[in-house]
Structure formats: structure tokens, C-alpha cells
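Note sheet for the following structure.
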Amino acid sequence: MSETYVCPYCEAAVDRDYRVQYVIRSCSECGGHGRFVHSTVTAALDSIPEEERPDGWAAQPLDERLLTAVREGLLNARDTQLRNGC
């Protein structure tokens, strides 16, 4: 089964045959290099209410938002865990 990962810069999606929280790679769309976040984790980030998001949230690349959300207590390890064995 294919899993979807999202570019931290342009949010282009790529599919891979493995299931991890993120993969580090270069984007074929924008050329950026960083942590492509699993779509499940991306959905968890999107579910954080706007009023709880820190200043500058929208300007951060997706992978930095993940780190900020965990550091600020907006997400915890359970929120970023992938289900079904991961």
C-alpha cells in the first residue's frame, strides 16, 4: 500500500511504499530539500485551531510547523504516531 508524504515548502505530494512519520528528500516540484511529512501528520497539524497557532505559523515550512507544534505542546507523540504498526 502506498503512503503519501507532503513537501514542507510547496506541499507537493509524493507516494512511497513505506510508512514513517517523514522522509528527507528533495522536491521534484520546487527543488526544496527537507522532511516530507506523512499526510496523517499533516492532517494533525491542520487540525490545530488557528487561535492556538503561534505567530509566524503560516510562514514556517511544514516540517518546522511539526517541530514547533510538538515543542509548544500543541501536538504530542500520540498525535504524530502512525497507526497500524508504526
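Overview of values
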quantity: Per-bin percent of Cα-Cα distances, the stretch 1-48 [10 Å]; calculated: 30, 56, 14
quantity: For the chain, calculated [θ]222 nm from helices alone, where every DSSP H run of n ≥ 4 adds -39500 (n - 2.57); calculated: -6500 deg cm²/dmol
quantity: Stretchable slack from S2 to E29, in nm (0.36 nm times residue separation minus alpha-carbon distance); calculated: 7.8 nm
quantity: Given (1) 0.96; (2) 1.24; (3) 0.91, the label whose value is Rg/Rh (Cα atoms, Kirkwood Rh) derived from this model; calculated: (1)
quantity: Protection proxy ranking of 46-55, 19-28, 66-75 - average other beta-carbon atoms within 10 Å, highest first; calculated: 66-75, 19-28, 46-55
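Every read-out reported here was derived from the displayed coordinates using simple, explicitly stated rules and does not represent laboratory data. Small disclaimer: the values here were computed from a predicted structure and weren't measured. Every residue, glycine among them, receives a Cβ derived from its backbone with ideal geometry; neighbour counts consider all protein chains shown.
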